[in-house]
Amino acid sequence: MSKINIYSLLRRFSHLGGSRMKLAALWTMHVTKRRYVGVYIDTVLACNYRCMMCYFSNESERKKRISGKLTNEQLEHIAHSIFHRTIKLQIGCGAEPTMDIAGALQLVQLGKAYGVPYIALTSNGALLTYDKLHALVAAGLDELTISLHGIHRDTYEHLMGPTAKYDAFLSLLQSIRRIKEEFPQFDVRVNYTMNADNVDELVDFDTLFRDVPISQLQLRPVRKIGESEYQNFDLTHVAECLDTVVRPLAERCRQRGVVVLFPEHIHVERFEGKEKVSARENLIPLFTYINITPKSYPNHDIHFEKENYEAYSRRIRVGKRLFKSIFATQKQCAKEEQSLTNSLNYDIR
């Protein structure tokens with residue numbers, strides 16, 4: 001299968017209309033055996049960095065989350081079970097996938113073998129030498145997303161933690177330049193978490209990335225995700241910089257062909273998790289995303305070692321539940337949401 005524009009596809013889906021229409025579309029794809037599932041895998045729950053805004057910066061939180069890695073055999077079981085219904089494979093969700101570079105490479109190879117149309121990997125990039133990144137891209141990796149929290153050396157090494165090395169980041173940028181010459185279709189995306197301490201230096205983003213061919217820049221306001229060393233979650237200054245820093249940067253990037261994703265307005269309720277979303281809307285990610293980690297694998301409701309996605313769907317009646325959710329009341333959807341959260345053992349990130 002040829003490479004798809006996954007972001008264009010997601011935009012079209014988001015513009016379908018209300019949640020009933022989206023669920024109807026998912027039901028149609030389900031019964032016609034189309035690909036519609038996003039599979040998010042952490043082969044290892046560990047990280048080489050201690051980013052200040054991440055739970056890995058907190059020792060007690062880090063100890064709770066670190067838990068081995070998925071074996072080669074387990075990865076093969078996952079691929080055989082669900083990759084034929086997977087539209088996007090995301091490697092690295094809540095941890096650093098390059099801590100298990102062999103597992104990441106195996107997943108890319110398995111994804112291509114099963115025809116997954118879009119394979120992405122998210123990383124801080126510090127361990128991605130030219131040879132390792134080249135191997136991943138040559139095997140079929142479609143996109144690298146770089147997690148970045150500072151443009152200047154001091155900010156980068158402060159916010160990305162005591163083990164962060166700015167020179168390793170600069171080396172990664174040079175590797176990307178070389179690899180893009182050989183694989184021009186390979187996409188590079190940058191995820192930048194904006195806070196009061198790093199938003200101003202975005203004025204220098206396009207200078208740092210002047211010679212680095214990236215496809216997308218996503219600017220996300222900081223959010224509290226578990227306990228972390230960073231404590232300044234006040235978005236006032238970030239909101240003030242939307243017009244003075246962010247929008248001018250977006251226009252400069254647009255002229256270079258780089259897509260910039262950023263919030264048009266800072267809705268505090270949304271970013272603090274207080275904004276209410278309808279129960280029907282909440283069902284959509286529960287039907288479309290599967291998150292797998294070394295911790296969740298043995299307890300996951302999909303029995304990867306002995307059933308494929310179709311057998312699993314029949315067992316828990318995915319098609320019937322999708323169809324009923326189209327016409328259900330919000331109260332019924334709320335009940336179904338709780339049922340799905342428990343039975344599917346999904347961990348949406």
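Only the coordinates and a few stated rules stand behind these numbers; no lab work does. The model shown is predicted, which means the values in this text are computed figures rather than measured ones. Every residue, glycine as well, gets a Cβ built from its backbone with ideal geometry; the counts of neighbours run over all protein chains shown.
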Open item on the list: Residues of the range 187-215 with backbone nitrogen within less than 18 Å of a virtual label 7 Å along the Cα-to-Cβ line of Phe233, please, listed as ranges.
Closed with: 193-198
TODO: Return, for the Cα atoms of the chain, the radius of gyration and Dmax in Å, separated by a comma.
DONE: 20.3, 56
Task: Sites Glu310 and Glu182 - FRET efficiency at Förster radius 41 Å, r taken between beta-carbons, to 0.05 - done: 0.60
Task: Distance (nanometres) between label positions extended 7 Å along Cα→Cβ at Gln255 and Gln332 - done: 5.5
Task: Principal-axis tilt of helix 330-344 within the chain, Cα atoms, nearest 10 degrees - done: 80
- [ ] Mind putting together the pair-distance distribution for the range 108-187? All Cα pairs, 5 Å bins, whole percent per bin, short to long.
- [x] 3, 15, 25, 21, 16, 11, 6, 2, 0
Task: For Ser296, Ser278, Ser81, order by how many other beta-carbon atoms lie within 10 Å, fewest first - done: Ser278, Ser296, Ser81
Task: Average projected area [Cα convex hull, the range 20-159], square nanometres - done: 10.4
Task: Point-to-point label distance, Ser278-Arg34, nm (Cα→Cβ direction, 7 Å offset) - done: 2.1
TODO: Counting helices only, and only those DSSP H runs with n ≥ 4, report the 222 nm mean residue ellipticity of the chain as the sum of -39,500 (n - 2.57) divided by its residues, in deg cm²/dmol to the nearest 500.
DONE: -12500 deg cm²/dmol
Task: Extended-chain gain in nm, criterion 0.36 nm per residue less alpha-carbon gap, His80 and Ala113 - done: 10.9 nm
- [ ] Give me the angle, in degrees from 0 to 90, between the Cα long axis of helix 130-139 and the longest principal axis of the Cα atoms of the chain, rounded to the nearest 10.
- [x] 30
Task: Burial ordering of Leu340, Leu127, Leu107, fewest other beta-carbon atoms within 10 Å first - done: Leu127, Leu340, Leu107
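Full extension from Glu264 to Thr244: what is 0.36 nm times the residue separation minus their Cα-Cα distance, to one decimal in nm?
5.9 nm
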- [ ] List His77, His149 from most exposed to least, where exposure is judged by having the fewest other Cβ atoms within 10 Å.
- [x] His77, His149
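Taking the DSSP beta bridges in the chain as the whole, what percent of them are antiparallel, to the nearest 5? Walk me through the numbers before you get to the answer.
Working: 1 of 32 bridges.
In the chain, approximately 5 percent of DSSP beta bridges are antiparallel ones.
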